[in-house]
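The values are calculated or read from the model by the stated rules, or taken from the named source; none is laboratory data. All values derive from a computational prediction rather than experimental measurement. Note that each Cβ is placed from the backbone with ideal geometry, even for glycine, and that neighbours are counted across all protein chains shown.
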Amino acid sequence: MCLAKLSTKAKRKNRKGKKKMNKKIRVHLFISGRVQGVFFRENTRRKAEKLELNGWVRNLPDGRVEIILEGDEEKVKKMIKWTKKGPIIAKVDEVEIEEKEYENEFKDFKIEY
């Protein structure tokens, strides 16, 4: 899934001028490169909490990191942008992005083991 497919509209105003909530989305990410042993999961958790996103992050046996994110579309887009660089000592080679149906499955963001 391409980031261009995600709507670029931020908050919209209704007739009374009040802001409406952004569209909620869910994405499934696979990050490859030097992404294990570089605090990628912990930094992902901190960034997700700062952006008020829910889901989880975990290391995969093949050396990649897997992330499920749910939340406001604009905040998810910011998080995806961050994952393309990651923490300073990481070296991200590729970020695979799969858009999923929003499920409101999570109450917070966790590191899975």
Point to revise | Filter result (of a type in the set (A, V, I, L, M, F, W, C), surrounded by fewer than 20 Cβ atoms within 10 Å (Cβ to Cβ) and within 17 Å of residue 28 (Cβ to Cβ)) within the range 74-95 | key: 80, 82, 92
**Study point:** Selection count, the range 82-113, where residues are in a loop (DSSP other than H, G, I, E, B), touching a Phe, Trp or Tyr at 6+ places or on another chain (Cβ under 6 Å) and at negative phi
**Key:** 3
Point to revise | residue 34 at pLDDT 95 or above and under 14 Å from the mean Cα position of the chain (by Cα) | key: no
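Each row is one residue, and each column tells you yes or no for (1) modelled with pLDDT of 95 or more; (2) basic (Lys, Arg); (3) surrounded by fewer than 20 Cβ atoms within 10 Å (Cβ to Cβ).
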residue: 25; (1), (2), (3): yes, no, no
residue: 40; (1), (2), (3): yes, no, no
residue: 43; (1), (2), (3): yes, no, yes
residue: 51; (1), (2), (3): yes, no, yes
residue: 58; (1), (2), (3): yes, yes, yes
residue: 65; (1), (2), (3): yes, no, no
residue: 68; (1), (2), (3): yes, no, no
residue: 72; (1), (2), (3): yes, no, yes
